[in-house]
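Worksheet: one structure, shown below.
The values are calculated or read from the model by the stated rules, or taken from the named source; none is laboratory data. This one's a predicted model, so the numbers in the text were calculated from it and none came from an experiment. Cβ sites come from the backbone with ideal geometry, for glycine too, and all protein chains shown count toward neighbours. Heads up: the accessible areas ignore ligands, DNA and RNA and are worked out on the full protein's heavy atoms, side chains in. Shrake-Rupley method; radii C 1.70, N 1.55, O 1.52, S 1.80 Å.
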Amino acid sequence: MNIFDGIDEGKKEILKSCLHTVKKTYAKNEVIFSYGDKITSICYIIKGSVQLSKDDYNGNKIIVAKVFSGESFAEAFVCSGIKHSKINAKALEETEILFLDFQKVLSVCSNTCPFHKKLIENLIKIVAKKNLFLQERVELLGKKTLRERIMHFLNKEKEKQNVETFDISYSRDEFAEYIGADRSALSRELSKMKKQNLIDYHKNSFKIIR
């Protein structure tokens, strides 16, 4: 869902001006913010993509999510009153981000414009959906075996894309990090599952057979 859903282009530009938004461009692999950095704005991706990650107590990176053009991130922190980031965010390619100050988002302008109210409504829906996403992530990481985590992830991707053969947006390293596994262990398990005719795959294209 897009934070500007239901707001036409003309109204969107008025709203950006009303909110005093700031646009910044980041190079590939440039850090947008790190764990512990102060956050007061919702980050909306105009173009490009962003990786959200965190480090566990052993220093291993865990990918939380990938966020793409038209999507936003950091809403949960600013909405909950958390002033410092609990994750790292970096650009995966040249990326443009629009920063929306959360206090200005909440403060409906004197004109009480309906498109500002629509923005707040969209924000609430986005936060609710991301809460459901985190619940699904907990369910995935709660699976006891690596095979169970792989199948859970692939079934969710198939369900989301609603096609027999589907592509995942993660490299093998990212796939392993996302499901909390070692890359070599992931590769071995995928190979076993392919030989056992459970799945078929070529690079990032997968098919669940049974």
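Structural remarks
- Residue check for Cys113: touching a Leu at 6+ places or on another chain (Cβ under 8 Å), open to solvent by 20 Å² or more (accessible area, probe 1.4 Å) and not acidic (Asp, Glu): no
- Any chance Ser34 is under 24 Å from Tyr170 (Cβ atoms), small (Gly, Ala, Ser) and either in contact with a strand residue (DSSP E or B) (Cβ under 8 Å, 6 or more places away or on another chain) or modelled with pLDDT of 90 or more (or both): yes
- Residue, most open to solvent (accessible area, probe 1.4 Å), within region 152-185, restricted to residues that are under 15 Å from Ser53 (Cα atoms) and aliphatic (A, V, I, L, M): Ala181
- Applying the condition of being of a type in the set (D, E, K, R) and in contact with a Ser or Thr (Cβ under 7 Å, 6 or more places away or on another chain) to region 37-71 and asking which residue is surrounded by the most Cβ atoms within 10 Å (Cβ to Cβ) yields Lys66.
- Listed by position, the helices (runs of 4 or more DSSP H) inside region 72-191 whose residues that are among the polar types (S, T, N, Q) number at least 2 are 114-141, 146-161.
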